[in-house]
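K.L.:
Here it is, the structure, as structure tokens.
Please treat every number below as a calculation from the coordinates, not as lab data. As the structure is a computational prediction, the values presented were derived from the model and not from experiment. Because the Cβ atoms are built from the backbone with ideal geometry, glycine has one as well, and the counts that use them run over all protein chains shown.
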Amino acid sequence: MDKENLVTMANQIGAFYETMPDRAKALSDIAEHIKKFWDPRMRRELLDYIDQPGEQALHLIPVVTESIRLNRAKL
């Protein structure tokens, strides 16, 4: 799957959970959703994308980036 689709899908998940009043739960739920519904290859590609240095052409919304960084070990 190309990175553009991965970023779009991750942002859609993040947009849904971002409205939750409990931020810690939202961050956990985003990571849990990705772990549960994405295959390992997709998760690795997303982690690789986040690890790229410098400015990225595609942008993850902040809640997704924060969730992945906090819950990386789960993914």
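K.L.:
Just to verify a result, which residue in the range 22-75, among those that are part of a helix (DSSP H, G or I) and among the aromatic types (Phe, Trp, Tyr), is farthest from Met9 (Cα to Cα)?
P.N.:
Restricting attention to the range 22-75, the residues satisfying the condition of being part of a helix (DSSP H, G or I) are 23-37, 40-51, 62-70, 72-74.
Checking the rest, the ones that are also among the aromatic types (Phe, Trp, Tyr) come to 37, 49.
Numbers: Phe37: 11, Tyr49: 14 Å.
Checked the range 22-75; the qualifying residue farthest from Met9 (Cα to Cα) is Tyr49.
K.L.:
Let me ask you something else. For the range 48-69, state whether one or more residues are among the polar types (S, T, N, Q), free of Cβ contacts under 8 Å to residues at least 60 places away in the same chain and exposed (fewer than 14 other Cβ atoms within 10 Å of the Cβ). Don't jump to the end; show me each part of the working.
P.N.:
Going residue by residue through the range 48-69, those that are among the polar types (S, T, N, Q) are 52, 56, 65, 67.
Subsequent filtering for residues that are free of Cβ contacts under 8 Å to residues at least 60 places away in the same chain retains 52, 56, 65, 67.
Now drop any that are not exposed (fewer than 14 other Cβ atoms within 10 Å of the Cβ), which leaves 52, 56.
Scanning the range 48-69, I find at least one residue that is among the polar types (S, T, N, Q), free of Cβ contacts under 8 Å to residues at least 60 places away in the same chain and exposed (fewer than 14 other Cβ atoms within 10 Å of the Cβ), so the answer is yes.
K.L.:
So Phe37 ticks every box in (1) surrounded by fewer than 16 Cβ atoms within 10 Å (Cβ to Cβ); (2) in contact (Cβ under 8 Å) with a residue 40 or more places away in the chain; (3) more than 14 Å from Asp2 (Cα to Cα) but one. Which box is left unticked?
P.N.:
(2)
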